[in-house]
Amino acid sequence: MRRITAILCAAGLAGILATGCNSDTKTYSDAEYVMFADTMSTNMVFPDEAYFQVPVTSTVACDYDRTFGVEVIDQGSTAIEGYHYRLKSNTITIKAGERTANVEVAGYYDHISDTDSLGFKLKLVVPDQILWTNLYPDSDLTKVVLYKGCNYDLDAFSGWCVVTSLLLYDYPSALDTNYQRLIFTEKHPTEPNTIILHDFLYDGYDVTMRLTDDDPADPTIEMDEDQVLSDEQTVFGQINADDRILGTVSPYYDSYYNTCQKYASLWLYVYLKNVGTMVGTVGHFYNVLEWVSLEEAVRLKTEEGMSGARDPRLDPDYPGNSAQ
């Protein structure tokens, strides 16, 4: 997404913006433009149907209130107004002395499926002379995306999990060339909000990750640094550092989880050290973790021969196994 609001900080506009608007004449300054703050707004919808905000910004503060209309563009929308969502009002007001206002939107939680990603467009109804069309032709438009947010539940991320990894694709084990594997995960016995990924990418190497619960709308993943993913010999066929491939969450890409759909999107930063000193970066690798039922895990293991988890519980004849 390109951030339109960044233009407001340009030093070249500082003197012009200070002129503001004149309440006596109600005329538009050459520097006055009104637009959506971003080209896209992505939002989780929770059971309380609280309003989320789509920000609108102006390049100047006026000494009077400014009210503008807001329209829903039906064409190309996958969300239905009145069924999936509602606007609190079809107008927004930028108060005197201020430069921002918000379109308030509420989603209907019960009408959104766990796997839905719904979208619609909003259009600002403003005079042509305050549209910044020469620089941002579509600054009066924004796309609003909404999807279901489920309550935090660490138990949803315990059990059998399918890992699809670009690290495995680029650097397969000498013993296993598959880039998908079946693993077992469980809650950490002492660390809060933390799960253990047994044999995560390579056999014999467990890692941990924390699923934060500070902000339900920002379900991010954190990892301790210097977690051992494998030995170098098994993966590279040679030793370049201290024979340990290390990893943590990438600082450059977002890693997050989805409780409704029981999956995690994890970007790994992979690197090498020697006696604590950085030797080099292997890269940043995308991984998808999808939790599945015991029945599906048994099927993947027995019928499709998915690698990973050598666990007797995946045997259809295992006592008490409901998948038999």
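Laid out as a table, the results:
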quantity: Some residue of region 118-138 being in contact with a strand residue (DSSP E or B) (Cβ under 7 Å, 6 or more places away or on another chain) and either in a helix (DSSP H, G or I) or closer than 19 Å to GLY247 by Cβ (or both); calculated: yes
quantity: Residue within region 117-131 that is more than 26 Å from the chain's Cα centre (by Cα) and acidic (Asp, Glu) present; calculated: yes
quantity: Selected residue (criterion: farthest from THR42 (Cα to Cα)) from residues of region 101-117 that are buried (at least 18 other Cβ atoms within 10 Å of the Cβ) and at pLDDT 95 or above; calculated: ALA101
quantity: Yes/no for SER265 being under 30 Å from PHE52 (Cα atoms) and small (Gly, Ala, Ser); calculated: yes
quantity: Every residue from region 222-255 that is over 18 Å from LEU167 (Cα atoms) and not in a loop (DSSP other than H, G, I, E, B); calculated: GLU222
quantity: Any hit, region 232-239, residues being exposed (fewer than 14 other Cβ atoms within 10 Å of the Cβ), assigned by TED's automatic domain parsing to the domain that holds PHE200 and touching a helix residue (DSSP H, G or I) at 6+ places or on another chain (Cβ under 6 Å); calculated: yes
quantity: Conditions (1) touching a residue at least 24 places away in the same chain (Cβ under 8 Å); (2) in a loop (DSSP other than H, G, I, E, B); (3) closer than 30 Å to GLY107 by Cα: number failed by ALA156; calculated: (2)
quantity: Those residues of region 73-85 which are surrounded by 16 or more Cβ atoms within 10 Å (Cβ to Cβ) and not hydroxyl-bearing (Ser, Thr, Tyr), in sequence order; calculated: ALA79, HIS84
quantity: Output for region 186-221, where each listed residue is in a strand (DSSP E or B), within 22 Å of LYS301 (Cα to Cα) and touching a His at 6+ places or on another chain (Cβ under 7 Å); calculated: ILE196
quantity: Residues (hydrophobic (A, V, I, L, M, F, W, C) and loosely packed, with under 14 Cβ neighbours inside 10 Å) located in region 43-64; calculated: ALA50
quantity: THR93 being surrounded by 18 or more Cβ atoms within 10 Å (Cβ to Cβ) and in contact with a Ser or Thr (Cβ under 6 Å, 6 or more places away or on another chain); calculated: no
quantity: Filter result for the condition that a residue is hydrophobic (A, V, I, L, M, F, W, C) and part of a helix (DSSP H, G or I), over VAL298, VAL270; calculated: VAL298
quantity: Failed item, numbered, when TYR263 is tested on (1) within 14 Å of the chain's Cα centre (by Cα); (2) over 28 Å from SER293 (Cβ atoms); calculated: (2)
quantity: Members of region 63-88 that are of a type outside the set (Ser, Thr, Tyr) and in a loop (DSSP other than H, G, I, E, B); calculated: ASP63, ASP65, ASP74, GLN75, GLY76, ALA79, ILE80, GLY82, HIS84, LYS88
quantity: Filtered residues of region 173-183 (kept if within 15 Å of TYR205 (Cα to Cα), under 27 Å from the mean Cα position of the chain (by Cα) and either of a type in the set (A, V, I, L, M, F, W, C) or not in a strand (DSSP E or B) (or both)); calculated: LEU182, ILE183
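Okay, residues lined up against (1) within 25 Å of GLU222 (Cα to Cα); (2) assigned by TED's automatic domain parsing to the domain that holds LEU229; (3) surrounded by 17 or more Cβ atoms within 10 Å (Cβ to Cβ):
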| site | (1), (2), (3) |
| --- | --- |
| TYR253 | yes, yes, no |
| LYS262 | yes, yes, yes |
| TYR269 | yes, yes, yes |
| VAL279 | yes, yes, no |
| VAL282 | yes, yes, yes |
| ASN287 | yes, yes, yes |
| MET306 | no, yes, yes |
| ARG310 | no, yes, no |
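The values are calculated or read from the model by the stated rules, or taken from the named source; none is laboratory data. Please read all numbers here as calculations on a predicted model, not as lab measurements. Quick reminder, even Gly has a Cβ in these numbers, built from the backbone with ideal geometry, and neighbours come from all protein chains shown.
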